[in-house]
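Trainee: Below are the structure tokens for one structure; questions will follow.
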Amino acid sequence: MKPTSHVVLVRPTSFRSNEQTAINNHFQKSDLLSNTAALAHARSEFDTFVANLRIHGVTVTVVEDTLSPDTPDALFPNNWFALLPKYQAVLFPMFAPNRRAERNTRIFDALRNLGHDVLVVKDYSSHEQNDMFLEGTGSMVLDHQNRIAYCALSPRANRELFYQFCTDFEYKPIPFYAYQTVRNKRLLIYHTNVIMALGVTFAVICLEAIDSLKERVLLHDSLTHSGKDVIAISEEQVTQFTGNMLALSSKEGIPLLVMSSRAHAALLPEQIQKLSKYATLVHSPIPTIEDLGGGSVRCMMAEVF
């Protein structure tokens, strides 16, 4: 299955550094801006990013967030839902209580108004009551073509729920643990999609983050056996969100690889040369969103298949 040419994004109305997610998102930085300034910067970065996607032939559906309830991370919609092929919508349980309020019908209504028959086929959100979480395509990186799901287990990615998803939707589960060094300690990576991105014929992955040699070998073998050219990135590059990319397609069928300008600047020349064989590299500057939100462009896009 080819990457989609249609994504949904949520334009922020109350963006700031979310105090409820900062406890295990170690990419977030202290909020040095006022909430008003942070929102203004984020909206400007968001609008530039949307325009850049459209210039490159991507269909972008933009949904405006609302002032109430308070949802500072609403511009990262790929965590609370995912759209699988045939407009199957899946709802996921969220770690932070104020992120659970992001679940609403506005996105699905917007897509239905465009003629897309979106149907919620599975809702895992009730597991929040038992402190079990699985944050969508943040927690999982899905290889739809080969029916493989990759998941870095963490407080936001429960093993049992991951296996349940894979059983329900017929994906082969590949769980592992991934770490980052924070103040000289090895701490779990909060989301899989900050260290890993998949294209049809390539994989960008930080193997250094996987401390278990056995898990590292199993992951590498799975990627190569499924036909991926493995392009390794470093832990330092992960801090620049180089792993947080998304493979898309233009409406004309041109392969695209979307990333932030910070991520692009951190790529080595040989990595750019390799990736450029597979896709046109598209990047936009979103420093405020990255610094305060602790996520990058992949987190901002929900794919529409």
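Trainee: Would you please name the trypsin sites (Lys or Arg not before Pro) within region 179-237 that are DSSP coil residues with at most 12 other C-beta atoms within 10 Å of their C-beta?
Mentor: Details: sites: 183, 185, 186, 214, 216, 228; in loops: 183, 228.
Passing sites in region 179-237 are 183.
Trainee: For the chain, calculate the relative contact order in percent as a whole number, restricting contacts to Cα pairs under 8 Å that are 6 or more residues apart. Walk me through the numbers before you get to the answer.
Mentor: Details: 645 pairs, mean separation 71.9, N = 305.
It rounds to 24 percent for the chain.
Trainee: Ignoring everything except DSSP H segments at least 4 long, calculate the 222 nm mean residue ellipticity for the chain; use -39,500 (n - 2.57) per segment, divide by total residues, nearest 500. Walk me through the intermediate numbers first.
Mentor: On the way: 11 runs with 93 residues, N = 305.
So the helix-based figure for the chain works out to -8500 deg cm²/dmol.
Trainee: With N set to the residue count of the chain, report its C-alpha Rg divided by 2.2 N^0.38 Å to two decimal places.
Mentor: Working: Rg = 17.7 Å, N = 305, 2.2 N^0.38 = 19.3 Å.
So the chain has a normalised radius of gyration of 0.91.
Trainee: Based on Cβ point charges of +1 for Lys and Arg and -1 for Asp and Glu, what charge dipole magnitude is obtained for the chain about its Cα centre, in debye rounded to the nearest 20? If you can, show how the numbers build up before the last one.
Mentor: Numbers: 28 positive and 31 negative charges, 71 e Å.
Computed charge dipole of the chain: roughly 340 debye.
Trainee: Next up: Would you mind checking which residues have amide H under 5 Å from residue 123's amide H? H placed 1.01 Å from N; only 5 or more apart, or other chain.
Mentor: Amide H to amide H, under 5 Å and 5 or more residues apart or across chains, residue 123 pairs with 91.
Trainee: Antiparallel versus total DSSP beta bridges in the chain: what percent is that, nearest 5?
Mentor: Details: 23 of 47 bridges.
Of all bridge pairs located within the chain, approximately 50 percent are antiparallel.
Trainee: Among the lysines in region 6-303, how many pairs, 8 or more places apart or on different chains, have alpha carbons under 20 Å apart?
Mentor: 11
Trainee: So, one more: In a shell of Cβ-Cβ distance under 9 Å around residue 118, excluding residue 118 itself, what net charge do Lys and Arg (+1) and Asp and Glu (-1) give? Walk me through the numbers on the way to the answer.
Mentor: Numbers: positive: 112; negative: 109, 117.
In short, -1.
Trainee: Put +1 on the Cβ of every Lys and Arg and -1 on every Asp and Glu Cβ in the chain; which of 209, 227, 289 then has its Cα farthest towards the positive end of the dipole?
Mentor: After comparing all options, I get 227.
Trainee: Mean-square fluctuation check for the chain, GNM, Cα pairs under 10 Å: which of 39, 114, 257 is largest?
Mentor: Per the Cα network of the chain with a 10 Å cutoff, 114 tops the list.
Trainee: Relative contact order for region 14-143 using alpha-carbon pairs under 8 Å, separation at least 6, rounded to a whole percent? Please list the in-between numbers first.
Mentor: Working: 147 pairs, mean separation 32.8, N = 130.
Taking the mean separation of contacting Cα pairs over the length of region 14-143, I get 25 percent.
Trainee: Net charge within 11 Å of residue 147 by Cβ-Cβ distance, Lys/Arg positive one each and Asp/Glu negative one each, not counting residue 147 itself?
Mentor: Numbers: positive: 172; negative: 143, 170.
Summing Lys and Arg as +1 and Asp and Glu as -1 gives -1.
Trainee: Specify which residue in the list 37, 97, 139 is farthest towards the positive end of the charge dipole of the chain, using unit charges on the beta carbon of Lys, Arg (+1) and Asp, Glu (-1), about the Cα centre.
Mentor: Result: 139.
Read-outs: derived from the displayed coordinates by stated rules, not from any lab. Computed from a predicted model, the values in this text were never measured in an experiment. Please note: Cβ atoms are built from the backbone with ideal geometry, for glycine as well, and neighbour counts cover all protein chains shown.
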